[in-house]
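Input: a single structure, listed below in structure tokens.
FYI, it's all coordinate maths here, none of it is from the lab. Here the structure is a predicted model, which is why all the values come from computation and not from measurement. Cβ placement follows ideal geometry from the backbone for every residue including glycine, while neighbour counts extend to all protein chains displayed.
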Amino acid sequence: MRRTSAAGTRRGGGDRAKGRDVDVSAAAHRPSSPDDGGRERYLDLIRVVALVRVVVYHTTGWLWLSALFPAMGLMFGIAGCLMARSLDRGGPRAVGSRLARLLPPFWLYGVVAVTLMLLAGWRPSTSGSLGWGGLAWWLLPLRVPPAGGPAWSWLLTIALWYISTYLWLVLLSPIMRPLFRRRPWCTLGVATAVAVGVNATDLDLPGYFVLTYTPCWLLGFARRDGLLHRIPGRAFAYGVGILGAVGGIWMLVGARAGTFGTDDAGGGNVLWSLALVAVVLRCRFRLDRLADNRRAGRALRAVNSRAVTVYLWHLPAGALAGVLVEGRSTGHLPLRIAGTVLLTASAVLLFGWAERWRARRVPPSRPRAPARPDTARSQPLSRPED
């Protein structure tokens, strides 16, 4: 993980060589301690937990899960940290690398989804808002691609807001990164105020989700730069406590009929998400025991390297599982969850290669001579599979 200017030296300052610890001054600038070839097992684990929460929520419909554990904010926060690292290493070329990892699995999903909708009788909307030209959004999802025709077609597109939002944040990151470096807290504060304002006023603005999750993305930048770890513990606790309390109360007061639905109190959801994301990203664990367990480590890497594929296919898989177990009054929910997991895993086995295709095409790092003990810290890490 390389940094420039006040945040550290571009090469070596704080990199970790196998079996050696970084010095204290470097660690202060480099809080994200990569455990395995540039990866952070802690972030990988949190991303898997967040992804599991998304799958369970969409399978069960338990609204309290969305309020208690805002997984989408965490996923954007982790993605922002990884994007900042990629930009620091490769500059604007990191955008192309990210798109090459995001778009192939989305295109493959789109081929299947559009084919199913066309076979079922997809037609342009009579209002003209969803003409045939709307199919272009299946090539570059700068907005959620259209669905039409059969009543079930919404299942194929309703979750694609995440893909569109992620794409926009990746494209905007080369602009946001230098702004954040110059004025980090001002940038984060403005982004948070905009996100809360947009949600509090119920404005139907283009880029609603981009504005809502930009603060979480910037918190990822803050983790990358070590800003979260430089805040004194007591001040950090007070800050996240106030954010969490205001956000939680806002959500409870604004919820309908005693539910925890975050759509009723979007501004509160923004603050609550920021509090949780800040706490999770401030923490650092090496998870050495997980590394020692080959099966667990391999499973963790497998899910992370196919996270987009899991996200794309889990909702159609859950809908199909619901149809298959419909009418079974005994054990309906456990069967649906099991069916969703099995069908999603099957989709990953069938289509996961599209997400891994780009990773396999990345040329290996140039071979280096073994580092001497006194220079091991200055060796750059190999390219990670973010």
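General observations
- Listed peptides 57-69, 306-318 by packing density, highest first (mean Cβ within 10 Å): 306-318, 57-69
- Cα gyration tensor category, rounded, prolate or oblate, for region 65-122 with a/c compared to 1.5: oblate
- Taking a ≥ b ≥ c as the square roots of the eigenvalues of the Cα gyration tensor, region 74-229 is prolate, since a/c reaches 1.5 or more and a/b is larger than b/c.
- Relative contact order (percent, whole number), region 112-234, Cα cutoff 8 Å, 6+ residue spacing: 17 percent
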